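> This is the structure I have questions about; it appears just below.
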Amino acid sequence: MALAFVGGLTLLAGAPAAPAEKPVFRHPFDGQPIEVPEAKTKTPALERFKQTGKNAYRDDPSAVGQGKALYEQWCQVCHNSDGSGKMCPALIGSEHIYPQTSTDPGMFAILYAGASGAMQSFANRISQDDMLRVIAYVRTLGK
């Protein structure tokens with residue numbers, strides 16, 4: 001009996017940790033969940049992000065470089081080349097108009113659904129996977 005008990009403890013000790021909670025993408029206006037449909041192109045990084053909220057591209061120099069090119073095309077006109085803001089909020093520092101931008105799932109929700117003023121949804125402009133690349137690049141700004 002003790003051996004079975006010890007064996008049970010060994011199994012429990014070796015069991016994998018509970019999976020991380022799936023992120024809930026929320027609209028910046030009212031905090032309500034937004035529906036993010038399946039992406040047209042699925043990538044391992046996007047699937048992982050939707051399951052864990054972790055952006056694999058943050059550690060990928062090639063993806064960060066691609067994110068920079070997308071940022072220069074779509075974002076810098078409003079947020080400045082260094083993320084310090086122009087006519088729109090800064091993306092660097094600790095002061096955020098939308099506190100959720102401090103997390104990758106929060107920034108993804110804003111890119112996907114849009115926010116106030118000129119910040120329109122990018123859901124029909126760039127892929128969900130490219131949104132992760134932009135976020136990975138933005139996280140390098142101000143460092």
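> Among the candidates 136, 69, single out the residue that is at pLDDT 90 or above, in a helix (DSSP H, G or I) and surrounded by fewer than 16 Cβ atoms within 10 Å (Cβ to Cβ).
Result of the check over 136, 69: 69.
> Show the residue pairs that are 6+ apart or on different chains and have beta-carbon atoms under 6 Å apart, the first residue being within region 82-104 and part of a helix (DSSP H, G or I), the second being buried (at least 18 other Cβ atoms within 10 Å of the Cβ) and of a type in the set (A, V, I, L, M, F, W, C).
Taking only residues 6 or more apart or on different chains, the pairs are 101/107; 104/135.
> Identify, please: which residue in region 107-123 is within 15 Å of residue 91 (Cα to Cα) and in contact with a His (Cβ under 9 Å, 6 or more places away or on another chain) and is, among those, surrounded by the fewest Cβ atoms within 10 Å (Cβ to Cβ)?
My answer is 114.
The values are calculated or read from the model by the stated rules, or taken from the named source; none is laboratory data. What you see is a predicted model; the values in this text were computed from it and never measured. Here the Cβ is made from the backbone with ideal geometry for all residues, glycine too, and neighbour counts use every protein chain on show.
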